[in-house]
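Trainee: Can you keep this structure in mind? I'll have questions shortly.
What follows draws every value from the coordinates through simple rules; no lab data is involved. The model shown is predicted, which means the values in this text are computed figures rather than measured ones. Note: ideal-geometry Cβ built from the backbone for every residue, glycine included; neighbour counts use all protein chains shown.
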Amino acid sequence: MKKHSLSQLGARAEDSPISWLMKAALDRPQLISLAAGFTDNTTLPLKITQEIFNRILGSSSKGRPALQYGTTQGDLTLRRLTARRLYSLDFPETSPENPPVSSYSAGNIVITNGSQQFLYLLSEALYDPGDLILVEDPTYFVFLGIAKSLGMQCRGIRMQSDGIDIKHLEEQLEGLRDSGGIRRLKMVYLVSYFQNPTGRTTALDKKKQALDLIRKYESHAGHPIFLLEDAAYRELRFSGVPVASILSLDPHQERVIYTGTYSKPFATGVRVGFGVVPDSLLSTILRIKANHDFGSPHLLQKLMGEVLSGPHYESHLLTIRRRYLRKSRAMISAMKKFFPESYHWETPEGGLNAWVVLPRKRRTGLKSRIFKEALNQNVLYVPGSLCYAEDSSRLKPNHEMRVSFGSASEPDIREGIRRLGRVFSELG
Ligand SMILES: Cc1ncc(COP(=O)(O)O)c(C=O)c1O
């Protein structure tokens with residue numbers, strides 16, 4: 001007799017480090033968490049949200065529909081505003097009412113419970129156990145959890161400071177073509193703006209080269225291979241220059257999928273995200289979403305629609321960008337002061353994370369002395385090894401860490417980094 005009655009998926013699903021990291025931060029108030037993916041607390045848009053809720057609920061013509069179920073695909077006004085915003089981010093010099101190309105059509109947008117739900121819906125739509133996807137090495141570790149539970153295999157593509165190493169992508173595709181493995185390849189996944197975990201942004205030229213390569217090798221797969229751009233941190237740019245999305249490279253939107261979120265730029269507690277999907281996948285995603293929840297909370301979509309249609313969104317973005325710039329500077333200057341010279345990091349231009357590379361012999365994983373001693377000293381980071389796919393073609397690096405400047409205050413960021421510095425010097 002089996003010990004449990006779980007489905008294969010249930011048995012494959014592992015404890016997600018994200019749940020543990022977030023709970024640790026909430027359970028131990030004395031802990032300085034440079035790990036949890038929370039956003040800045042003090043700038044959460046309390047007043048704007050209250051004002052808009054009052055406006056919506058103060059009128060029966062707005063309030064009643066908002067408190068009713070919506071549609072599976074999501075509120076049309078919010079989808080239109082999202083399409084227009086994406087278009088104006090990609091083509092800032094023009095801002096038409098209805099963007100002229102299908103990549104930016106409200107009809108191709110699905111509103112989801114955060115972009116996380118979109119990642120899950122898409123995975124359910126595309127993958128069978130044993131299917132393969134190519135991910136950045138390292139990548140967003142919660143996505144790796146989805147992949148694992150659905151029985152997908154992930155292969156890592158090496159990262160450079162401006163995104164994936166295109167040569168390595170081509171080598172992987174060539175190898176898969178030669179081995180026949182390409183028939184299981186469904187997607188390439190890029191977290192292209194201020195990546196979680198490394199903070200790096202993928203250059204537009206690399207997005208284009210990746211798309212060209214996918215098109216080149218696709219005939220060997222016998223089915224479409226998609227390029228998924230996860231732009232969760234796109235709106236959190238506080239320096240550097242803007243980069244257009246992959247939507248701008250595929251105007252008829254056949255092979256690109258894009259996901260974004262209002263969690264990070266507005267409020268994580270509101271948790272409204274979206275996906276932009278090609279026609280060929282749209283009805284499947286909607287059928288699966290109908291099975292999940294037949295539509296995300298309508299009130300929250302109405303809230304986001306109101307936020308986007310007025311001046312609040314832009315003004316809020318200005319506030320939080322300034323804030324994250326200050327916090328990232330506080331973190332970098334503390335690292336310069338307290339970390340050994342042989343440790344490396346890049347200065348983030350946006351997002352919530354910095355990535356620290358230690359000398360190879362220093363271990364940072366959950367079982368390492370550094371991690372345990374950091375926890376003893378009440379400071380938490382994300383071990384870099386959690387962010388690497390199970391890929392037998394290389395050894396999993398275990399000497400890096402993600403430190404987030406999102407939620408901790410500036411004094412706590414300095415203190416957290418000081419404590420980490422102390423751990424490093426105590427453990428020699
Ligand atoms: C890269 C990336 N994608 C997607 C998400 C999901 O965010 P949400 O579901 O709040 O939109 C996150 C959250 O941290 C993330 O880091």
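Trainee: Which value in nm describes the separation of the simple spin-label points at Arg360 and Arg64, placed 7 Å from the Cα toward the beta carbon?
Mentor: Distance between label points: 6.9 nm.
Trainee: If each residue of separation counts as 0.36 nm, what is the full-extension length gain between Glu415 and Asn376 once their alpha-carbon separation is subtracted?
Mentor: Here the segment from Glu415 to Asn376 would lengthen by 12.6 nm.
Trainee: Let me check against my output: what whole-number percent is the relative contact order of the chain, with C-alpha pairs under 8 Å and at least 6 apart?
Mentor: Averaging sequence separation for qualifying contacts and normalising by length gives 23 percent for the chain.
Trainee: Next question, about the same structure. If you add up the charges near His168, with Lys and Arg at +1 and Asp and Glu at -1, over every other residue whose beta carbon is less than 11 angstrom from its beta carbon, what do you get?
Mentor: -2
Trainee: Give me the percent of DSSP beta bridges within the chain that run antiparallel, rounded to the nearest 5.
Mentor: Among the beta bridges of the chain, antiparallel pairing accounts for roughly 50 percent.
Trainee: Could you give the nm distance between label points at Thr77 and Leu317, where each point is 7 Å from its Cα heading toward the beta carbon?
Mentor: Reported label-point gap for Thr77 and Leu317 is 2.0 nm.
Trainee: With the Cα gyration tensor of segment 69-311 in hand, give its eigenvalues times 5 under a square root as the equivalent ellipsoid semi-axes, listed largest first in whole angstrom.
Mentor: Working from the Cα gyration tensor, I get semi-axes of 28, 20, 17 Å.
Trainee: Another question, then. Could you tell me the relative contact order of segment 24-166? Use alpha-carbon pairs under 8 Å, at least six residues apart, and round to a whole percent.
Mentor: Relative contact order, segment 24-166: 14 percent.
Trainee: Can you list the lysines whose alpha carbon is less than 24 Å from that of Lys336, not counting same-chain residues fewer than 8 positions off?
Mentor: Lys327, Lys361, Lys372
Trainee: Would you tally the net charge around Val243, using a Cβ to Cβ cut-off of less than 13 Å, leaving Val243 out, and scoring K and R as +1, D and E as -1?
Mentor: 0
Trainee: Output ³J(HN,Hα) for segment 123-135: one whole-Hz value per residue in order, computed from phi by the Karplus curve 6.51 cos²θ - 1.76 cosθ + 1.60 with θ = phi - 60°, and x for Gly and Pro.
Mentor: For segment 123-135, the Karplus curve yields 5, 5, 6, 9, 10, 10, x, x, 5, 10, 9, 9, 10 Hz.
Trainee: At 7 Å along the Cα-to-beta-carbon direction for both Arg369 and Glu341, put a label point, then send me their distance in nm to one decimal.
Mentor: 2.4
Trainee: Taking Lys367 as the anchor, which aspartates and glutamates have their alpha carbon closer than 18 Å to its alpha carbon, excluding any fewer than eight residues away along the same chain?
Mentor: Straight-line reach from Lys367, under 18 Å: Glu14, Asp15, Glu390, Glu400, Glu426.
Trainee: Rounded, prolate or oblate: which fits segment 227-266, taking a ≥ b ≥ c as square roots of the Cα gyration tensor eigenvalues, rounded meaning a/c under 1.5, else prolate when a/b beats b/c?
Mentor: Because a/c hits 1.5 or more and a/b fails to exceed b/c, segment 227-266 counts as oblate.
Trainee: Local charge sum around Pro65 (other residues, Cβ-Cβ under 15 Å, Lys/Arg +1, Asp/Glu -1)?
Mentor: Counting the neighbours of Pro65, the net charge comes to +2.
Trainee: Mind jotting down the distance between the C-alpha centroids of segment 1-70 and segment 241-295, whole Å?
Mentor: Computed from Cα coordinates, the inter-centre distance equals 19 Å.
Trainee: Looking only at GluC sites (Glu not before Pro) in DSSP loops with at most 14 other Cβ atoms within 10 Å, what is the longest site-free stretch of the chain?
Mentor: 98-253
Trainee: Stokes-Einstein D for the chain at 10 °C, 1.306 mPa s, Kirkwood Rh over Cα pairs, in µm²/s?
Mentor: Value of D from the Cα-based Kirkwood radius: 71 µm²/s.
Trainee: Could you compute how fast segment 1-132 diffuses translationally, taking Rh as the Kirkwood radius over C-alpha pairs and applying Stokes-Einstein at 25 °C with viscosity 0.890 mPa s? Give it in µm² per second.
Mentor: Estimated diffusion coefficient is 125 µm²/s.
Trainee: To continue, here is another question. What is segment 69-311's relative contact order, in percent, from Cα pairs under 8 angstrom and six or more apart in sequence?
Mentor: That works out to 28 percent.
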